[in-house]
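Heads up, the thing below is written out as structure tokens.
The values are calculated or read from the model by the stated rules, or taken from the named source; none is laboratory data. This structure is a prediction, so every number in the text was calculated from the model and none was measured. All Cβ positions, even for glycine, are placed from backbone atoms using ideal geometry, and neighbour counts span all protein chains on display.
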Amino acid sequence: MKNRLLKGASVLLATAVLLTSQISTISASNSVAQTSKGESANTDNTTSTSINDGTGDKSVESTTTDNTADDSTNSTPNGATSNETSSTPSDTTDVKQKGDNVTIDKNDKPYLSLGANLTADQQRTVLQLMGISYDKLGDYDVNYVNNQEEHQYLDSYISKKEIGSRSLSSVVVTKAEKGTGLNVSTYNIGYCTVGMYKNALATAGITDANIIVAAPFKISGTAALVGAFKAYKDMTGKELDKDAVDASLDEIVTTGQLEQNVDGDKKEDLEAMIADLKQQIANGDLKTENDIKQAIDEASDKYKIKLSQEDIDKLIDLLKKFKDIDIDWGAVKDQAQAWADKLGINMTNASSFLGKIVDFFKAIWEFIVGLFS
């Protein structure tokens, strides 16, 4: 008996030392994540572009111009909107770029998707934000998104009133080097974040692309996905899977609804959490609804996101949809890894850490069993 007790004590001591070491590693990783996140946050509003569409000479912040309209579009019953009818543009805007500082180089071949209801002056404003000359528009591959198409894609998730009656969101897409993933910049987009676009675009099967989303004045930007799908198809000749496209639209609306319930500085964490959960589906880890529920609970703890039961139910429905359709999981995994790199999260360490905890309790159980054998 004495020898067994000594043996058990040795096992417990060894596993405790191992567990302490792993906790220290994870704590250090979390510190790196906070530092990395703080640094990346400074890149969100770095480039300021003054735009004059020729009808005035005053310089006004677009966020100041559209405060009233922005409040009315974002405070909706379901937390998401693509209403592009209520904002009133100023003649001149001073716009900050958000995201990856995407630029159109002279050797790029841009594919544009413009809102069909843009006026000529608004087109000039949007193209200037994209770095494209209005006078050379005829040299590019251009398609137009009309309001009917926006309703076709979005009516299942957003009310007709919130979608509105005008199509204004505009997108330009260029090819990126293979393996570089998605790079996105936005101008005058007040509701959809860069992270929301990236996650949804990856779900739809879009990868290795540089994308700029722009509007002549501040709008929500939800309908811009429709333009991105059309421009990407023109660029690659690839027909995106309809179910994956539908899931991506559901994702961007659901993410927007969930972000209404979290603090502003936690939005990136929420977007990373969703990408993480999608990767778990891609890995085949979540086979049942109970698996999904448990994964959401663990992920909300990991990313320190407080979710209501309504939020959890929305995520369950979304993740079940992902599980049942044909998605390009390679693109999803790449986007999840991009989030991990940005936030300083080492998923391998996290999995190893959980494994050590399991081993720890196994050792305790084996020790107890051994006492009585």
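Looking only at region 163-181, decide whether some residue is under 11 Å from the mean Cα position of the chain (by Cα) and over 25 Å from Asn117 (Cα atoms). Step through it out loud before you land on a result.
From region 163-181, those under 11 Å from the mean Cα position of the chain (by Cα) are none; that's our starting set.
Within region 163-181, not a single residue is under 11 Å from the mean Cα position of the chain (by Cα) and over 25 Å from Asn117 (Cα atoms).
Report the residue count in region 178-193 for those that are out of contact with any Lys or Arg (no Cβ under 6 Å at 6 or more places or on another chain) and not in a loop (DSSP other than H, G, I, E, B).
4
Would a scan of region 174-181 turn up a residue that is surrounded by 21 or more Cβ atoms within 10 Å (Cβ to Cβ), among the basic types (Lys, Arg) and touching a helix residue (DSSP H, G or I) at 6+ places or on another chain (Cβ under 8 Å)?
No, there is no match, as no residue in region 174-181 is surrounded by 21 or more Cβ atoms within 10 Å (Cβ to Cβ), among the basic types (Lys, Arg) and touching a helix residue (DSSP H, G or I) at 6+ places or on another chain (Cβ under 8 Å).
Look through Asn147, Asn107, Asn101 and report the one residue that is surrounded by fewer than 17 Cβ atoms within 10 Å (Cβ to Cβ), in contact with a Ser or Thr (Cβ under 7 Å, 6 or more places away or on another chain) and either modelled with pLDDT under 95 or acidic (Asp, Glu) (or both). I'd like the intermediate steps shown before the answer.
Values: Asn147 fails: surrounded by fewer than 17 Cβ atoms within 10 Å (Cβ to Cβ); Asn107 fails: in contact with a Ser or Thr (Cβ under 7 Å, 6 or more places away or on another chain).
Within the list Asn147, Asn107, Asn101, the selection yields Asn101.
With respect to Tyr197, is the statement that it is part of a helix (DSSP H, G or I), more than 30 Å from Asp265 (Cβ to Cβ) and within 21 Å of the chain's Cα centre (by Cα) true? Write out each step before concluding.
Numbers: part of a helix (DSSP H, G or I): yes; more than 30 Å from Asp265 (Cβ to Cβ): no; within 21 Å of the chain's Cα centre (by Cα): yes.
No, not satisfied.
Before we move on, is Asp135 exposed (fewer than 15 other Cβ atoms within 10 Å of the Cβ), under 22 Å from the mean Cα position of the chain (by Cα), without any contact (Cβ under 8 Å) to a residue 24 or more places away in the chain and farther than 23 Å from Thr236 by Cβ? Lay out the reasoning, then the answer.
Working: exposed (fewer than 15 other Cβ atoms within 10 Å of the Cβ): yes; under 22 Å from the mean Cα position of the chain (by Cα): no; without any contact (Cβ under 8 Å) to a residue 24 or more places away in the chain: yes; farther than 23 Å from Thr236 by Cβ: yes.
No; evaluated as a whole, the condition is false for this residue.
Given the conditions (1) part of a helix (DSSP H, G or I); (2) small (Gly, Ala, Ser); (3) surrounded by fewer than 16 Cβ atoms within 10 Å (Cβ to Cβ), report the number of the one that Ala295 does not fulfil.
(3)
Can you tell me which residue within region 237-260, out of those that are farther than 20 Å from Lys278 by Cα and without any contact (Cβ under 8 Å) to a residue 60 or more places away in the chain, is surrounded by the fewest Cβ atoms within 10 Å (Cβ to Cβ)?
The initial filter retains those residues of region 237-260 that are farther than 20 Å from Lys278 by Cα, namely 237-239, 260.
If we keep only those that are without any contact (Cβ under 8 Å) to a residue 60 or more places away in the chain as well, we get 237-239.
On the way: Gly237: 7, Lys238: 11, Glu239: 10.
My answer is Gly237.
Can you find a residue that is surrounded by 15 or more Cβ atoms within 10 Å (Cβ to Cβ) and more than 22 Å from Asp250 (Cα to Cα) anywhere in region 151-170? Outline the logic, then answer.
Applying the first criterion (surrounded by 15 or more Cβ atoms within 10 Å (Cβ to Cβ)) to region 151-170 yields 151, 153-154, 157-159, 162-164, 166-170.
Now narrow it down to the ones that are more than 22 Å from Asp250 (Cα to Cα): none.
Within region 151-170, none of the residues are surrounded by 15 or more Cβ atoms within 10 Å (Cβ to Cβ) and more than 22 Å from Asp250 (Cα to Cα).
Please go through region 209-222 and give me each residue that is part of a loop (DSSP other than H, G, I, E, B) and touching a strand residue (DSSP E or B) at 6+ places or on another chain (Cβ under 7 Å), ordered by number. Write out each step before concluding.
Here is the first cut: in region 209-222, the ones part of a loop (DSSP other than H, G, I, E, B) are 220-222.
Listed by number, the list holds a single entry, Gly221.
Go through region 298-328 and give me each residue that's aliphatic (A, V, I, L, M), within 14 Å of Thr254 (Cα to Cα) and buried (at least 19 other Cβ atoms within 10 Å of the Cβ). Break it down stepwise before answering.
Here is the first cut: in region 298-328, the ones aliphatic (A, V, I, L, M) are 299, 305, 307, 312, 315-316, 318-319, 325, 327.
Next cut, within 14 Å of Thr254 (Cα to Cα) only: 307, 312, 315-316, 318-319.
Selection gives Leu307, Leu315, Leu318, Leu319.
Do you know which residues across region 144-189 are under 17 Å from Ala204 (Cβ atoms), of a type in the set (S, T, N, Q) and either free of Cβ contacts under 8 Å to residues at least 60 places away in the same chain or touching a Gly at 6+ places or on another chain (Cβ under 8 Å) (or both)?
Gln152, Ser169, Asn183
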